[in-house]
Every structure is written in structure tokens, then in C-alpha cells.
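Student: Below: one structure in C-alpha cells.
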Amino acid sequence: MVERSGHDGRVAIPSPTPILATRMDDGSMLPTGLGEFDRVLGGGLVAGSTTLLFGEPGVGKSTLALQAMRSLAASGSVVVLVAAEESAAQVARRARRLGPVPADLAVVATNDVTTAEQVIERYRPALVVVDSVSALRDEGVSGSSGSVNQVRAAAERLCASAKATDTALILIGHVTKDGELAGPRALEHVVDTVVRIEGDRHGSLRVVRALKHRFGPTGEVGLFEMVADGLRELPDGSLAPPGPGLDVPGVVWSVTNDGSRSLSVEIQALVAASTGSPRRVAHQVSAQRLALLLAVLEARCGVELSNCDVFATTAGGLPAVEPGIDVALALAVASAAAGFVVPANVAVVGEVGLAGELRPVSGLARRLSEVRRRGVERVIVPAGSASEGAGDVELVFCRRLADVVDAVQPVTV
């Protein structure tokens with residue numbers, strides 16, 4: 001211990017401890033029993049940690065949390081749902097729709113943060129889920145429920161209680177109309193893990209993604225499908241594999257890397273004559289990348305699109321925004337504009353530069369492993385790419401985007 005003089009006397013300052021001499025505390029891991037959720041969490045919830053789960057209304061936040069609670073309760077762990085927005089009867093009705101309700105799954109209907117705090121400290125459950133943190137109210141703090149002061153105060157108090165009792169805590173949060181987390185940004189700094197669930201509420205695919213994780217890597221994703229009895233895991237990575245195509249222009253298969261996963265994705269494009277100002281509509285693909293690729297197609301490949309509406313999307317709702325799907329997206333647009341069909345047994349991977357050149361992408365071996373599993377026979381890749389992992393898949397190397405059209409042996413329809 002080192003001492004130092006100050007204006008108010010001598011102050012004790014702790015001596016720095018060498019990192020190698022510091023005892024590591026791995027914490028107690030609590031697997032939720034949902035493989036895709038545990039993948040995102042790095043194996044499960046950590047005792048005493050706080051996880052913020054947020055997403056748009058109707059996307060499945062409460063369903064995912066309730067399924068994790070059911071799984072843990074079925075294994076003998078005591079879990080409690082603090083229902084701040086619903087009555088106990090409403091929660092019970094929703095839980096029964098998901099299947100048999102374990103005896104150790106309990107609910108407390110309250111929006112008082114003091115009551116929630118007392119439940120954690122008295123019963124010390126393995127897991128507490130608060131649905132939602134925006135609905136809690138601290139009587140000692142000014143502001144209405146959901147205000148900056150209220151949300152911050154509630155989160156800080158519950159996080160402290162969770163750490164003191166080694167209780168894993170999940171806070172469910174709302175998002176704004178822009179898709180951002182509602183409440184103060186400081187809330188993300190209070191918690192240990194931030195998990196977002198994404199997906200079109202009118203579709204079935206749900207993507208669970210870790211944006212922050214103090215106990216493991218970030219960026220990992222889990223896939224679920226929303227079905228009648230809740231969320232069904234998709235460990236194989238997609239809703240539908242490549243198969244016999246529709247034999248229509250504008251459809252191209254690719255593989256996108258997301259986290260540690262490689263996912264097959266069907267890129268679709270439609271080009272139509274414009275009756276006014278040309279529209280460019282991108283859904284589940286990057287609007288900025290689409291605009292760049294349209295410019296490259298016109299300037300480097302002679303594809304006239306200035307008087308056309310262009311629509312681009314992915315089938316099944318799987319987002320694909322990384323540069324590795326550039327070539328597939330450009331080829332889908334060229335195919336739709338020229339009217340040729342890209343064979344369904346061909347996949348396309350690569351990034352496109354402004355000069356129209358193809359650039360190698362990261363994680364190609366993983367992508368090739370995925371296309372082999374899907375039964376794809378040929379893959380178009382940028383020249384200079386390593387062939388490791390290709391196996392019996394034929395690799396077609398192209399230097400320029402203009403060369404890709406010739407490589408797919410187009411068939412005019």
C-alpha cells in the first residue's frame with residue numbers, strides 16, 4: 001500500500017497488482033437450453049450479469065426470453081418473470097401457448113422497481129427477466145415511466161441486486177421508430193451484454209445478434225424461425241437451401257459471413273422501366289452498396305439503368321449487407337436487366353471495386369464449406385482467391401465484373 005499526502009491528510013492508494021498474479025473469475029455459466037441463444041451468449045448467461053434484450057415490437061423479445069426461462073425451469077432452476085406490462089394471467093396464457101409450464105417458472109406482476117429488487121434479494125432465483133425495463137418506476141426518482149431518469153435508475157438498481165445475489169438478469173427494452181434502443185444510451189454501458197433480435201414482423205426469420213458482450217466475442221448471431229408455438233431454432237443456418245430454381249432472371253445465390261457463421265442467401269433483383277423519377281429500393285441489402293454497384297454496372301459493364309426502377313432484396317428475410325455479396329447483387333441486377341437466367345447450381349462470392357474489379361473476401365474457406373453442404377456445383381470467386389476448402393466444387397476465377405456474366409453461361413428467356 002502506498003500513501004500520499006493531500007489537502008485533507010494522507011490518502012491510502014492501493015498498489016497496482018500484476019495481471020499475471022491476478023486470480024481470474026470465470027463466473028458461473030448458465031446455459032439457457034436454446035442452442036442458438038447460447039451461441040450468441042458464448043455458452044449461456046453468466047451468474048450476476050445483466051443482459052439487455054431489445055428489438056422492434058412483435059419481433060419476439062418476450063417469446064425468446066420466456067422460452068429460455070421455460071428451459072431453465074424445466075432443468076430445476078428457479079426463474080422469475082417480472083411482468084411490468086402484463087398481468088400474471090396474461091403471462092400465464094402466453095406461457096401455456098408455448099407448451100407445458102414447469103413448476104419452477106414464477107411470475108410477479110409489478111412495475112415498482114423496489115418490489116422487483118426485493119424479489120431478487122429475497123428469493124435469489126437463477127434467472128430474472130424484466131419485461132420491460134421501460135415500464136418500471138422508481139418512486140424516489142422524478143419523471144414518468146420510460147423517461148431517461150427512470151430507466152437509468154431502474155437498471156442501475158436491478159444490476160446491483162443481480163450482482164449481489166449472483167442472479168442472471170435479462171432486461172427487455174423497446175426501440176424507437178428509427179430502430180434504435182429507447183431510453184438513455186447510458187443503459188448500454190450499465191449492462192454486461194446487449195443482444196438485439198431482428199426480423200420482419202410479417203416474416204418468420206429472426207436473427208439474434210450480440211452487439212456487446214463482456215464475457216465473450218461480439219457479432220455472433222443465432223437464427224430462429226417464428227412458428228405457431230414460439231421460436232424454432234435454425235442451427236443449419238437458413239430457411240431454405242438452394243434447389244431447383246424458378247428459372248427467372250434476377251435470382252442469384254451467394255454466401256454471407258455473419259459472426260462465425262456462413263449463411264446461404266438468395267439475392268433477388270427486379271429491373272423495370274420507370275414512369276417517372278427512377279427508384280432504387282433495397283430491402284435486407286445495403287442501399288449504399290446497391291447504389292455503388294448500379295453506377296459500376298453502367299460505367300464499367302455497359303448496363304443501362306438510368307431510366308429504370310431497380311428493386312433488390314433477399315429471399316426469406318435474411319439480411320445480407322457485407323461486401324462479400326457485391327458480385328451476386330450486381331449479377332442479379334444485370335440478369336434482371338438483360339433477361340438471362342443464372343443457373344441455380346451456381347453461387348457467386350466477391351467484393352466489387354469502383355473500377356469494376358473483383359476483390360477477394362475474408363472467410364472464403366467457410367463460405368465454400370457452406371456451398372458444398374448446400375450442393376452447389378460451381379462458385380464464381382475473385383481472381384487471386386485461395387482455393388482452400390473448395391473440395392469437389394468447381395471454382396471459376398474472374399478479374400472483372402464484366403467477366404462474370406460470361407462465366408455463368410447465360411440463357412436468354
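The values are calculated or read from the model by the stated rules, or taken from the named source; none is laboratory data. Keep in mind the model is a prediction, meaning the values are calculated, not measured. So basically every Cβ, Gly included, is an ideal-geometry build from the backbone, and we count neighbours across all protein chains shown.
Student: Answer with yes or no whether A390 is more than 18 Å from E266 (Cβ to Cβ) and either surrounded by fewer than 16 Cβ atoms within 10 Å (Cβ to Cβ) or in contact with an Asp or Glu (Cβ under 9 Å, 6 or more places away or on another chain) (or both).
Tutor: When the stated conditions are applied, A390 does not pass them.
Student: All but one of (1) surrounded by 15 or more Cβ atoms within 10 Å (Cβ to Cβ); (2) out of contact with any Pro (no Cβ under 6 Å at 6 or more places or on another chain); (3) among the basic types (K, R); (4) under 18 Å from P323 (Cα atoms) hold for R359; which doesn't?
Tutor: Among (1) surrounded by 15 or more Cβ atoms within 10 Å (Cβ to Cβ); (2) out of contact with any Pro (no Cβ under 6 Å at 6 or more places or on another chain); (3) among the basic types (K, R); (4) under 18 Å from P323 (Cα atoms), R359 violates only (2).
Student: Among (1) surrounded by 18 or more Cβ atoms within 10 Å (Cβ to Cβ); (2) within 20 Å of the chain's Cα centre (by Cα), there is one condition V119 misses while meeting the rest; what is its number?
Tutor: (2)
Student: Among the residues of the stretch 296-317, how many are surrounded by 13 or more Cβ atoms within 10 Å (Cβ to Cβ) and at negative phi?
Tutor: Qualifying residue count for the region: 15.
Let's see how each residue does on (1) surrounded by 15 or more Cβ atoms within 10 Å (Cβ to Cβ); (2) in the same structural domain as A74 (by TED's automatic domain parsing); (3) of a type outside the set (A, V, I, L, M); (4) touching a residue at least 12 places away in the same chain (Cβ under 8 Å):
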| residue | (1), (2), (3), (4) |
| --- | --- |
| D112 | yes, yes, yes, yes |
| E139 | no, yes, yes, yes |
| R152 | yes, yes, yes, yes |
| S161 | yes, yes, yes, yes |
| A168 | yes, yes, no, yes |
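Student: Among all residue pairs at least 6 apart or on different chains, which show Cβ distances below 8 Å where the first residue, located in the stretch 48-67, is at positive phi and the second is aromatic (F, W, Y)?
Tutor: Correct list of pairs: G60/F224.
Student: Looking at the stretch 366-387, can you tell me whether even one residue there is within 27 Å of the chain's Cα centre (by Cα) and either more than 27 Å from V248 (Cβ to Cβ) or outside the structural domain of I267 (by TED's automatic domain parsing) (or both)?
Tutor: So far as the stretch 366-387 goes, yes, one or more of its residues are within 27 Å of the chain's Cα centre (by Cα) and either more than 27 Å from V248 (Cβ to Cβ) or outside the structural domain of I267 (by TED's automatic domain parsing) (or both).
Student: Which residue is modelled with the highest pLDDT, if the candidates are limited to the stretch 386-413 and must be among the small types (G, A, S) and under 18 Å from S362 (Cβ atoms)?
Tutor: Step one: list which residues in the stretch 386-413 are among the small types (G, A, S), which gives 386-387, 389-391, 402, 407.
Filter again for under 18 Å from S362 (Cβ atoms), leaving 386-387, 389-390.
Details: A386: 89, S387: 85, G389: 78, A390: 83.
Among residues in the stretch 386-413 that are among the small types (G, A, S) and under 18 Å from S362 (Cβ atoms), the one modelled with the highest pLDDT is A386.
Student: In this structure, does A355 turn out to be at pLDDT below 95 and farther than 19 Å from S262 by Cβ?
Tutor: So A355 does not fit the description; no.
Student: Which residues, counting only those in the stretch 285-317, are in contact (Cβ under 8 Å) with a residue 60 or more places away in the chain and either in contact with a strand residue (DSSP E or B) (Cβ under 7 Å, 6 or more places away or on another chain) or not assigned by TED's automatic domain parsing to the domain that holds A334 (or both)?
Tutor: Of everything in the stretch 285-317, those that are in contact (Cβ under 8 Å) with a residue 60 or more places away in the chain and either in contact with a strand residue (DSSP E or B) (Cβ under 7 Å, 6 or more places away or on another chain) or not assigned by TED's automatic domain parsing to the domain that holds A334 (or both) turn out to be V296, A315, G316, G317.
Student: Does V108 meet the test of being in a strand (DSSP E or B), assigned by TED's automatic domain parsing to the domain that holds A65 and either under 25 Å from F215 (Cα atoms) or among the acidic types (D, E) (or both)?
Tutor: no
Student: Can you tell which of A332, A328, A338 is surrounded by fewer than 24 Cβ atoms within 10 Å (Cβ to Cβ) and either touching a helix residue (DSSP H, G or I) at 6+ places or on another chain (Cβ under 8 Å) or small (G, A, S) (or both)? Spell out the reasoning first.
Tutor: Numbers: A332 fails: surrounded by fewer than 24 Cβ atoms within 10 Å (Cβ to Cβ); A328 fails: surrounded by fewer than 24 Cβ atoms within 10 Å (Cβ to Cβ).
None of the others qualify; the one that does is A338.
Student: When the residues of the stretch 45-59 are filtered to those that are buried (at least 20 other Cβ atoms within 10 Å of the Cβ) and small (G, A, S), which remaining residue is farthest from H174 (Cα to Cα)?
Tutor: Across the stretch 45-59, the extreme among qualifying residues is S49.
Student: Assuming V11 fulfils every condition listed in (1) outside any helix (DSSP H, G or I); (2) modelled with pLDDT of 80 or more; (3) over 26 Å from A210 (Cβ atoms) apart from one, which condition is it?
Tutor: Unmet condition: (2).
Student: When you look at Q90, is it under 25 Å from G199 (Cβ atoms) and buried (at least 19 other Cβ atoms within 10 Å of the Cβ), yes or no?
Tutor: no
Matching residues to (1) surrounded by fewer than 22 Cβ atoms within 10 Å (Cβ to Cβ); (2) at pLDDT 95 or above:
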{"residue": "T165", "(1), (2)": "yes, yes"}
{"residue": "V175", "(1), (2)": "yes, no"}
{"residue": "P184", "(1), (2)": "yes, no"}
{"residue": "T193", "(1), (2)": "no, yes"}
{"residue": "S204", "(1), (2)": "yes, no"}
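Student: Another question about this same structure. Scanning the stretch 75-85 for residues that are touching a strand residue (DSSP E or B) at 6+ places or on another chain (Cβ under 7 Å) and not in a strand (DSSP E or B), which turns out surrounded by the most Cβ atoms within 10 Å (Cβ to Cβ)? Outline the logic, then answer.
Tutor: Here is the first cut: in the stretch 75-85, the ones touching a strand residue (DSSP E or B) at 6+ places or on another chain (Cβ under 7 Å) are 77, 79-85.
When the remaining residues are screened for being not in a strand (DSSP E or B), the result is 77, 84-85.
On the way: S77: 19, A84: 23, E85: 17.
This residue is A84.
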